[in-house]
């Protein structure tokens, strides 16, 4: 899952990013509204965490511009203002949820998980492909009865492949969804992580079929 944090207080923004990266999210950060708008309008995010009071372009205006352009990414608005009128205004501009500062990171994380689950409600929190299971809440992966221990990046990669099971995805699509915008990632980096995953999945199910297939000249497919 790839998230965008738009927050002008660098300490808060970097703290949020650090916590979310530890939860296996890919996270981009913008420190003003214009930079946030440029990223949100040009990149594909699963959720935007948007501060209300921003320089150059405030959070309400940014949210409204995205919605007017048909960009329906889930938006979680953050603000130090706690008045009901401010919350209503933000929601009316197109925000999906609202969190007042100061907040506990655990609450922020719970709200992000709720928003990112909405587009795939039918799947719930458990993804299943063949004898492979991935729990998006507990971050556990099983093949058959054997638990597979993955790094955060391996988990994010596997989750993306499972969400798109049966469908081929390119290396560029994988990089876009699994790595940060400013990460220095080359196409062979994807090959390396696919190799890591294949080895771990095959060791866990040596008598089962190989789940990750190479689509020659295109990318990869999990089925």
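The numbers here are math on the coordinates, done by the rules we state, and not lab data. Predicted model only: the values in this text are computed from it and were never measured. A quick note on method: Cβ atoms are made from the backbone with ideal geometry, for glycine too, and the neighbour counts reach across all protein chains shown.
Report the FRET efficiency, 1/(1 + (r/R0)^6), for residue 164 and residue 68, where r is their Cβ-Cβ distance and R0 is 35 Å, rounded to 0.05.
About 0.75, to the nearest 0.05.
With a 10 Å cut-off between alpha carbons and a GNM built on the chain, which of 74, 55, 102 moves the most?
Sorting by GNM fluctuation, first place goes to 102.
Cα axis of helix 59-68 to longest principal axis of the chain: angle in degrees, 0 to 90, nearest 10?
For 59-68 against the chain, the angle is about 60 degrees.
Relative to the first principal axis of the alpha-carbon coordinates of the chain, what is the inclination of helix 152-163, with its axis defined by its Cα atoms, in degrees from 0 to 90 and to the nearest 10?
The angle comes out at about 80 degrees.
Once you put a point 7 Å from the Cα of residue 113 and another 7 Å from the Cα of residue 53, both along the Cβ direction, what distance in nm separates them?
Using points 7 Å along Cα→Cβ, the separation is 3.1 nm.
Find, to one decimal place in angstroms, the Kirkwood hydrodynamic radius of the chain, where the mean of 1/r is taken over every pair of different Cα atoms and then inverted.
With all distinct Cα pairs of the chain included, I get 18.5 Å.
Using only Cα atoms, tell me the angle between helix 105-117 and the longest principal axis of the chain; keep it within 0 to 90° and round to the nearest 10.
70 degrees
Quote to one decimal, in nm, the extra length available between residue 104 and residue 151 on full extension: 0.36 nm per residue of separation minus the C-alpha distance between them.
Length difference between fully extended and current span is 14.4 nm.
If I take every Cα pair under 8 Å that is 6 or more residues apart in the stretch 125-222, average their sequence separation and divide by the length, what percent do I get for the relative contact order?
28 percent
Give the average over all directions of the projected area of the C-alpha convex hull of the stretch 2-120, one decimal, in nm².
6.6 nm²
Go ahead and run the numbers for FRET between residue 216 and residue 10, Cβ-Cβ distance against an R0 of 45 Å, rounding to 0.05.
That gives a FRET efficiency of 0.50.
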